[in-house]
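The values are calculated or read from the model by the stated rules, or taken from the named source; none is laboratory data. No experiment lies behind these values; they were computed from the predicted model shown. Neighbour counts run over all protein chains shown; Cβ positions are idealised from the backbone, glycine included. The protein model used for the area step is the full one, side chains on, heavy atoms only, and it has no ligands, DNA or RNA in it. Shrake-Rupley method; radii C 1.70, N 1.55, O 1.52, S 1.80 Å.
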Amino acid sequence: MSARPLPMFALLRWPVISAGFRIPKGRLTTVFPLGATVAFRTILSGKNTEEKDDRINKTIDKDVSKVVHNFNVEDLGSKVAFCRCWKSKKFPYCDGSHGLHNRMTGDNVGPLIIIKKA
């Protein structure tokens, strides 16, 4: 029974690799581009995951380990909006930057609004 080549090796004359994984010199021009492509794509896929920046906060208080703000409820006005998209120039208060963020990313984030009851 003869072995059938895999579809990716259909253009190569069978057998490409003989016993002991020796490749005849004449076949190197066929096998090398395939091996180089696989190696290059493997390197790129690893590089993409290493450089991917999944952080939400990219600019605010980067010199501290955790961004925390405390407010006394009595000191707040009758209504205050806090940013939840991390894009506000007035952070921690909302300046409406989430609107552009939502249009650009398809996200649906909005502010945290606190209203003081009379």
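Ranked highest first by the average count of other Cβ atoms within 10 Å around their residues, in what order do 78-89, 56-67 fall?
Ranked from most to least packed, the peptides come out as 78-89, 56-67.
At 1.4 Å probe size, with no ligands or nucleic acids counted, give the accessible surface of ASP54 in Å², nearest ten.
The accessible area of ASP54 comes to roughly 120 Å².
Which net charge results when you count Lys and Arg as +1 and Asp and Glu as -1 among the other residues whose beta-carbon is under 12 Å from that of LYS79?
+2
In a shell of Cβ-Cβ distance under 13 Å around LEU112, excluding LEU112 itself, what net charge do Lys and Arg (+1) and Asp and Glu (-1) give?
+2
What does a probe at HIS101 reach in region 58-86, counting residues whose amide N is under 20 Å from the point 7 Å along Cα→Cβ?
Taking a point 7 Å out along Cα→Cβ of HIS101, the residues of region 58-86 whose backbone N falls under 20 Å are 58-71, 80-86.
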